[in-house]
1. Give the average, rounded to an integer, of partner chain Cβ atoms located within 10 angstrom of each Cβ in C:280-286.
2. For the stretch B:196-243 and the stretch C:200-232, write down the distance between their C-alpha centroids in whole Å.
3. Quick one: among A:Val172, A:Val118, A:Val139, which has the greatest mean-square fluctuation in a GNM of chain A with alpha-carbon springs under 10 angstrom?
4. Residues of the stretch A:78-111 losing 20 Å² or more of accessible area relative to the isolated chain, 1.4 Å probe, heavy atoms only?
5. How far, in nm to one decimal, is D:Phe137 from itself in the other copies if the label point is set 7 angstrom along Cα toward Cβ? Shortest first, please.
6. Going 7 Å from Cα along the Cα-Cβ axis for the label, what nanometre distances separate D:Ser36 from the same residue across the other copies?
7. So which lysines can D:Lys99 reach, going by Cα to Cα under 20 Å and dropping same-chain residues fewer than 8 places off?
8. I want the antiparallel fraction of DSSP beta bridges within chain C, as a percent rounded to 5.
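The values are calculated or read from the model by the stated rules, or taken from the named source; none is laboratory data. As the structure is a prediction and not an experimental result, all values here were calculated from the model. Ideal geometry is used to build each Cβ from the backbone, glycine not excepted, and the neighbour counts take in all protein chains shown. For the accessible areas, the whole protein counts, side chains as well, though only heavy atoms, and no ligand, DNA or RNA atoms are used. Shrake-Rupley method; radii C 1.70, N 1.55, O 1.52, S 1.80 Å.
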4 protein chains.
Amino acid sequence: MAQPDTARLLIACDDQPGIVAAIAGVLAAHEVNIISLDQHSTDAEGGRFFQRTVIHREGLAAHRPSLEADLAAVAERFGMDWSLHDAAKRKRVAIFVSKYDHCLMELLWRAQRGQLDVDVTMVVSNHPDLADAVRTFGVPFVHIPSAPGAEAKAEMERRQLELLQGNVDLVVLARYMQILTDDFIRDVGAPVINIHHSFLPAFIGANPYARAKERGVKLIGATAHYATADLDEGPIIEQDVTRVTHAESAAELQNRGADVERLVLARAVQWHAEDRVIVHGRSTVIL
Amino acid sequence: MAQPDTARLLIACDDQPGIVAAIAGVLAAHEVNIISLDQHSTDAEGGRFFQRTVIHREGLAAHRPSLEADLAAVAERFGMDWSLHDAAKRKRVAIFVSKYDHCLMELLWRAQRGQLDVDVTMVVSNHPDLADAVRTFGVPFVHIPSAPGAEAKAEMERRQLELLQGNVDLVVLARYMQILTDDFIRDVGAPVINIHHSFLPAFIGANPYARAKERGVKLIGATAHYATADLDEGPIIEQDVTRVTHAESAAELQNRGADVERLVLARAVQWHAEDRVIVHGRSTVIL
Amino acid sequence: MAQPDTARLLIACDDQPGIVAAIAGVLAAHEVNIISLDQHSTDAEGGRFFQRTVIHREGLAAHRPSLEADLAAVAERFGMDWSLHDAAKRKRVAIFVSKYDHCLMELLWRAQRGQLDVDVTMVVSNHPDLADAVRTFGVPFVHIPSAPGAEAKAEMERRQLELLQGNVDLVVLARYMQILTDDFIRDVGAPVINIHHSFLPAFIGANPYARAKERGVKLIGATAHYATADLDEGPIIEQDVTRVTHAESAAELQNRGADVERLVLARAVQWHAEDRVIVHGRSTVIL
Amino acid sequence: MAQPDTARLLIACDDQPGIVAAIAGVLAAHEVNIISLDQHSTDAEGGRFFQRTVIHREGLAAHRPSLEADLAAVAERFGMDWSLHDAAKRKRVAIFVSKYDHCLMELLWRAQRGQLDVDVTMVVSNHPDLADAVRTFGVPFVHIPSAPGAEAKAEMERRQLELLQGNVDLVVLARYMQILTDDFIRDVGAPVINIHHSFLPAFIGANPYARAKERGVKLIGATAHYATADLDEGPIIEQDVTRVTHAESAAELQNRGADVERLVLARAVQWHAEDRVIVHGRSTVIL
């Protein structure tokens, strides 16, 4: 999966004629090849335009400043938000966990097998239980205990932020059972992906499996989303479900759900790692 | 699908030793063959027990009174709710619609093809639009218009109840866009199945597709449930979903959802027709 | 779904730098807006390149000749196959059936509801059974009986070709139980889509449901594909499956499969209608 | 998941009246409670009858001989095959692997988490690569190398049989890339479950992912089945699929398929562990 001389160009702007030609023209002028190009307009008339272009050019690194200068000029003309991501530079990820290990193990395992294009640089937990399991993968495990009270909480987050700021490109909450404060999400300096153990917006909040059992639902789901101040309301990246029956207990629903959770979270993290996910209001565009 | 001499025995009681042996003993004593037997206990210890037994015996109709007498004695002993349903006697169904035709057509079509074991005896609508489509199937179409105001509503329901009481075994709301009153549901004398155009309990209430689009969900669902006073809260019979992307508009989500709705509703009605669905609190057991 | 002034540009060529820029440049020069653009390269290095671009311009019809001249020049330079399809011009479709009606009805019904962007101009059958059902939709039904022997077969296909040649843009085999000859497929002058009642390449040939039951498979599928001389080997457009259990008889598997068939065929025809399907060797690219 | 005093009674016999009553009568007479009862008849008229009954009784172990004597008498009368499995006695499993680790890891991980009711007593491989990964779980890893030639093969199987005979209740081939001989399967003295990396019977044999890519299929599947002399033709226990597109390379299809394989294999092993799978000819009944 090493991709030297390859980068991903993301742009977002108001929809208007000539965008594709302008960008493609700059790329052609710089002898940059388009590996793939995906786009989305929120509306046939007007609306917002998004494009992800994977590009390749021998010696891209050396050439990048002059390419960026020309892209900046086009971006200025069209009022574009844009960014250019080096495909060879894997994102540094911190995983937050408590005691449930299934999502954590799935991510560590895929990263080790080369099926998840990230570097897991640390695992942070409010419990010590999973230290050995994590260190087996050669990944540092940091135990920052939680304690009751607002002051303890603030202290815990201070220690977490010290660890994270500048050191990670992504935080993944892999069934981390603590609420993050708005301040933390604002200050951490990296996007935060959470896995919620239900098909949102059904069963927002606590104990979704018990409530699903009580309600007699026929499908159990999981949702990966960006964490925002309003925890279960952030933009959804991926969801999936599995069929269940009345014969399964709440505990069995939890096991069935755990299998969905780990696959949904792994897909969401991989798509984020490949710069495929663009946030648009409360929703996402996956390119 | 004609099943002479076949019946379905449903029982529900508190779980206790000896239930299966007692019922099977009565059946064997009456030379009744067990075609299939499904059961469910809500809890390994204690809890509620449900059983559906499909039975067959030459000349069952003539023999039925003496069989019922012995079953009643067992039921008395174990405190069972029980019922015996003649498999050859198809349930009489009234379908309620407004203007959307996809669920209605699916049901009529399946009934005509022999894939839905019910007799659709009437279609009732508050709009005249679907009269021709329905009558093509040889099914009576009754237009009972809605009008503003509580009195008009009461009058409409009075006319509906006149039509239905004693004449139908099941009412299916196939995207019927009027709220039924609690009085109607209590007085109609038959269970009512509704199709809700979302994966309940997500998007309870109006405009679920627009809200799903706005929320950026990745799956669109539908839920068939028994209607109760609290419309979207009745026991769920069946649910399903289909995968969607950001590229689909709210109108396209609606079309995608319509395909899920009609299959989910058809399955729910067929299961009800086969006496497979037992209500247990706010949920169902499907045997 | 009326789309005046809108067209779909399909191109296919060997992958090479500058394609996107060249096409986008022509479009921009003609003040043509790109509504959507999808592309696929079969290989990151070399390989084959495919692109579908939905374009819009006020007064496109009048402007089309000059646009086409410039596109032809670019196509010449890059060695492109290309075509430009007017989105407002719906494809004329002939549906072939025998006695099974489920796929036919699904297509007629969707076309009538505006959910299938084709004009069904005729239904051709070797049996008279479905004449009334078809004519209810205002669609001509033509009965061309089959008879034993090569000569009768040749005569039947002669009559079919007379009906079809020049009159249709697509032929859909909606569970048509006759084998088409290679000559027919070559001479009919339009692509032919077939629905096969199994998850190809499993259960190629006759009686797939009985064989699936005998083999104890846990999923039942259907496959829509372009018909070629080797009937079950043409490029696959769409496939889907549904879960089944040992408790379902071969007849029930057939009913379950019928539901999959009609949805799979409807999706395949709609994608073809939208010029989304490009054949590439034995497979397809869906853009 | 400890289930003291619980057992699973499996019976199979020609369908005939009175079976359920006779078994339930014996159980009731022994004050044995029925926790769950599932049955299947292959045909409404005649055919073969299968039943799985989960039973519970205080002090079952001490009571078992007298219960078995009465069951044997009933079995004699009805010509039943029957077996009684102690739910507290977990099956001893040997896992065979080569170099792919995804199915192996899934099984080890689930067993460790208590989500797979087996004891993995050894892992056997023809390659040394996965020794460390296996021993981390506290499971013995035995390297029995393969070598060219029939004699080496016979020697390898001799060593494997020495290890296995009497020591295991189940052998799982978790992407083991060697063909087992008929002699091995006959002599090993335990059922063998294999995971095949395609939706059988499609793509029987080698390189299914490459062939699926070349054929342009839209779904990728996996099949868990009992191994028989004809390797890819044994009775299917479980199958599943996942949706893929033209944009995915054969290598990506392989990764997507690996996720299906490990879930399908885990479900098949768990069902076997719970004595839910009954072989019937070339198919299975899952109770």
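1. Average per residue, whole number: 4.
2. 34
3. A:Val139
4. The answer is A:Asp101, A:His102, A:Met105, A:Trp109, A:Arg110.
5. Reported distances to equivalent positions: 1.6, 5.3, 5.3 nm.
6. In ascending order, 1.7, 4.1, 4.4 nm.
7. Once the sequence-local lysines are set aside, what remains near D:Lys99 is D:Lys153.
8. Bridges in chain C are about 70 percent antiparallel.
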